Amino acid sequence: MTTMRERMLAGELYLADDPEIVADLDRAARLTERFNAVPADDPEGQLAALRELLGSLGEGSWVRPPFHCDYGWQTHLGPRCFVNFNAVFLDVARITIGADVQIGPNVQLLTATHPLDPAARRAKWEAAKPITIGDNAWLGGGAIVLAGVTIGENTVVGAGAVVTKDLPANVVAVGNPARPVRDLKQAT
């Protein structure tokens, strides 16, 4: 028999009131609260809280509080990344962030999905799809990345953009929905 947590991790419909899932949510809530409460003059304390919360935290990466997530262990941050104030990572599915990624303030990475069928929604079924952000990408302030999206390396997402579909590498994308408006030439 498949547990609700196993269904969640497989990207299938699941019910979040399962005790195993609730325990994971409670763990993340405690660790997130702890991270957000560490004094600004205690960067080692902040890093320790982040390392305990996140699935992985690359060398030289930094997250500025406040930070909010569902599970924490589903988020993997590569080396030398920067996540600015007020990030929201709904990491019901895996969030993979490459190396040297810059994430502006108020950015939301939302892996959660809900059924279109109103009866299934009313019954509290939900699911999730992973988000992947390639190396050296930059997400401008207030950008929103939806479930199932991959953003290619070196891509810049403009402030306030809503990314509903995959973006290729080496482009600037803006708007709602976000769409590439410029190719970026690689310096040689």
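The values are calculated or read from the model by the stated rules, or taken from the named source; none is laboratory data. What you are looking at is a predicted structure, and each value in this text was computed from that prediction instead of being measured. Don't worry about glycine lacking a Cβ; one is built from the backbone with ideal geometry, like all the others, and counts go over all protein chains shown. Protein only, heavy atoms only, side chains kept; ligands, DNA and RNA dropped before computing areas. Shrake-Rupley method; radii C 1.70, N 1.55, O 1.52, S 1.80 Å.
Checking ALA87 against (1) closer than 21 Å to GLU33 by Cα; (2) of a type in the set (Gly, Ala, Ser); (3) touching a residue at least 40 places away in the same chain (Cβ under 8 Å), which test does it fail?
(3)
Which residues, counting only those in the stretch 54-80, are crowded, with 21+ Cβ neighbours inside 10 Å and more than 13 Å from the chain's Cα centre (by Cα)?
SER61
Can you confirm whether LEU50 is free of Cβ contacts under 8 Å to residues at least 40 places away in the same chain, under 25 Å from GLY142 (Cα atoms) and surrounded by 16 or more Cβ atoms within 10 Å (Cβ to Cβ)?
Working: free of Cβ contacts under 8 Å to residues at least 40 places away in the same chain: yes; under 25 Å from GLY142 (Cα atoms): yes; surrounded by 16 or more Cβ atoms within 10 Å (Cβ to Cβ): yes.
It is true that LEU50 is free of Cβ contacts under 8 Å to residues at least 40 places away in the same chain, under 25 Å from GLY142 (Cα atoms) and surrounded by 16 or more Cβ atoms within 10 Å (Cβ to Cβ).
If you go through the stretch 114-128 one residue at a time, do you hit one that is under 26 Å from LEU57 (Cα atoms) and at pLDDT 95 or above?
Taking the stretch 114-128 as the starting set, the residues that turn out to be under 26 Å from LEU57 (Cα atoms) are 127-128.
Then drop every residue that is not at pLDDT 95 or above, which leaves 127-128.
Scanning the stretch 114-128 turns up at least one residue that is under 26 Å from LEU57 (Cα atoms) and at pLDDT 95 or above.
Here is a yes/no grid of residues against (1) out of contact with any strand residue (DSSP E or B) (no Cβ under 7 Å at 6 or more places or on another chain); (2) of a type in the set (A, V, I, L, M, F, W, C); (3) farther than 24 Å from THR3 by Cβ:
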| site | (1), (2), (3) |
| --- | --- |
| ARG27 | yes, no, no |
| PRO39 | yes, no, yes |
| ARG64 | no, no, yes |
| CYS69 | no, yes, no |
| ARG80 | yes, no, yes |
| GLN102 | no, no, yes |
| ALA119 | yes, yes, no |
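Do any residues in the stretch 144-163 that are open to solvent by 10 Å² or more (accessible area, probe 1.4 Å) have Cβ atoms under 7 Å from those of residues that are basic (Lys, Arg) and at pLDDT 95 or above, where the two are at least six apart or on different chains, and which pairs are they?
Pairs found: ALA147/LYS129; GLY148/LYS129.
Out of all the residues in the stretch 1-42, which are among the β-branched types (Val, Ile, Thr), in contact (Cβ under 8 Å) with a residue 12 or more places away in the chain and surrounded by fewer than 15 Cβ atoms within 10 Å (Cβ to Cβ)? Lay out the reasoning, then the answer.
Applying the first criterion (among the β-branched types (Val, Ile, Thr)) to the stretch 1-42 yields 2-3, 21-22, 32, 38.
With the extra rule that they be in contact (Cβ under 8 Å) with a residue 12 or more places away in the chain, the set shrinks to 3, 21, 32, 38.
The answer is THR3, and nothing else.
Would you confirm, using the coordinates I've provided, whether LYS129 is touching a strand residue (DSSP E or B) at 6+ places or on another chain (Cβ under 8 Å), crowded, with 16+ Cβ neighbours inside 10 Å and basic (Lys, Arg)?
Working: touching a strand residue (DSSP E or B) at 6+ places or on another chain (Cβ under 8 Å): yes; crowded, with 16+ Cβ neighbours inside 10 Å: yes; basic (Lys, Arg): yes.
Against the criterion (touching a strand residue (DSSP E or B) at 6+ places or on another chain (Cβ under 8 Å), crowded, with 16+ Cβ neighbours inside 10 Å and basic (Lys, Arg)), LYS129 qualifies.
With (1) charged (D, E, K, R); (2) over 20 Å from MET4 (Cα atoms); (3) open to solvent by 60 Å² or more (accessible area, probe 1.4 Å) as the list, and ARG94 as the residue in question, which single condition is left unmet?
(2)
Among the residues of the stretch 22-62, which ones are of a type outside the set (Ser, Thr, Tyr), touching a Gly at 6+ places or on another chain (Cβ under 8 Å) and closer than 23 Å to ASP135 by Cα?
Listed by number, the residues that qualify are LEU53, LEU54, GLY55, GLY58.
Hey, any hits in the stretch 102-114 for a residue that's buried (at least 21 other Cβ atoms within 10 Å of the Cβ), in contact (Cβ under 8 Å) with a residue 24 or more places away in the chain and in contact with a Ser or Thr (Cβ under 9 Å, 6 or more places away or on another chain)?
Yes: the stretch 102-114 contains one or more residues that are buried (at least 21 other Cβ atoms within 10 Å of the Cβ), in contact (Cβ under 8 Å) with a residue 24 or more places away in the chain and in contact with a Ser or Thr (Cβ under 9 Å, 6 or more places away or on another chain).
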